[in-house]
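Undergrad: Have a look at this one.
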Amino acid sequence: VIGIDKDSVFGHTGDECTGAKGHLLGKDFAVAGNILASKGVLDAMESSWKSSKGELPHRIISALEAGQASGGDTRGKMSATLLVSSSKPRLYHNLTVDMHDDPLGELKRIFGRCERLQAEYGDDDGEVLRLRHKTARR
């Protein structure tokens, strides 16, 4: 379990987790995993986070890509999730891909589409809701 809020970063790796496991915590990040190819997966994610720039969702996806490139989960690719809590929610802040041959690739594809739609719809939450309603009626 890992988490970050505006005041703290926390993590816990249980004794019953299997394989390469652990968590790394920093000033503004936390990475964790178990059943990993190696502890190098966590190191790669940490390094990616520290060197990445830009908005939070982009940095999270970069860290996930680095972890996958370093061997990822020993069970193989199964799912990918992006969940961002924000006072200004975006279409791409809550995405999950399960049971896909390339879940991270598919997550990135959906993310890109949602990001483009968000730009098209604008930042006004009311505007997004009106466009959704208008589209749903078609």
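Undergrad: Whole-Hz Karplus ³J(HN,Hα) for the range 91-108, in order, using 6.51 cos²θ - 1.76 cosθ + 1.60 and θ = phi - 60°, x for Gly and Pro?
TA: After applying 6.51 cos²θ - 1.76 cosθ + 1.60, I find 4, 9, 8, 9, 10, 9, 10, 10, 6, 10, 5, 9, x, 5, x, 5, 4, 5 Hz.
Undergrad: Apply the a/c threshold of 1.5 to the C-alpha gyration tensor of the chain and tell me whether it is rounded, prolate or oblate.
TA: prolate
Undergrad: On a full-extension model of 0.36 nm per residue, what is the gain between Val9 and Asp102, subtracting their alpha-carbon distance, rounded to one decimal in nm? The partial results should precede the final answer.
TA: Working: separation 93, 0.36 × 93 = 33.48 nm, distance 2.98 nm.
Gain in length upon complete extension: 30.5 nm.
Undergrad: Would you work out the relative contact order for the range 1-129, in percent, from Cα pairs under 8 angstrom that are 6 or more residues apart?
TA: 14 percent.
Undergrad: Tally Lys/Arg at +1 and Asp/Glu at -1 over every other residue whose Cβ is under 15 Å from the Cβ of Ala20; what's the total?
TA: Taking every Cβ under 15 Å from that of Ala20, the sum is -2.
Undergrad: So, one more: Quick check: at a probe of 1.4 Å, how many percent of the accessible area of the chain sits on carbon and sulfur atoms?
TA: After summing per-atom areas, the C and S share lands at 51 percent.
Undergrad: Would you mind checking the tilt of helix 125-137 against the longest principal axis of the Cα atoms of the chain, expressed as 0 to 90 degrees and rounded to 10?
TA: Once rounded, the angle reads 70 degrees.
Undergrad: Quick check on my link table: of Lys53/Lys108; Lys27/Lys88; Lys39/Lys77; Lys27/Lys53, which ones sit more than 20 Å apart, alpha carbon to alpha carbon?
TA: On the way: Lys53/Lys108 17 Å; Lys27/Lys88 23 Å; Lys39/Lys77 17 Å; Lys27/Lys53 15 Å.
In this structure, Lys27/Lys88 lie more than 20 Å apart at Cα.
Undergrad: Sticking with this one: List the residues, sorted by chain then number, that are 5 or more residues from Gly33 or on another chain and whose placed amide H is less than 5 Å from its amide H.
TA: Gly22
Undergrad: Could you please put Met99, Met45 in sequence from largest to smallest accessible area, using a 1.4 Å probe?
TA: The most accessible residue leads, giving Met99, Met45.
Undergrad: Continuing with this model, one more query. Let me have the 222 nm mean residue ellipticity of the chain computed from DSSP H runs of 4+ only, each contributing -39500 (n - 2.57), with the sum over all residues rounded to the nearest 500. Numbers along the way, then the final one.
TA: Details: 4 runs with 58 residues, N = 138.
So the calculated ellipticity at 222 nm is -13500 deg cm²/dmol.
Undergrad: How much accessible area per residue does the chain have, counting only protein heavy atoms and a probe of 1.4 Å, in square angstrom?
TA: The answer is 65 Å² per residue.
The values are calculated or read from the model by the stated rules, or taken from the named source; none is laboratory data. Everything numeric here is computed off the predicted structure, so don't read it as measured data. Neighbour counts run over all protein chains shown; Cβ positions are idealised from the backbone, glycine included. Accessible surface is based on the protein model in full, side chains and every heavy atom, while ligands, DNA and RNA are left aside. Shrake-Rupley method; radii C 1.70, N 1.55, O 1.52, S 1.80 Å.
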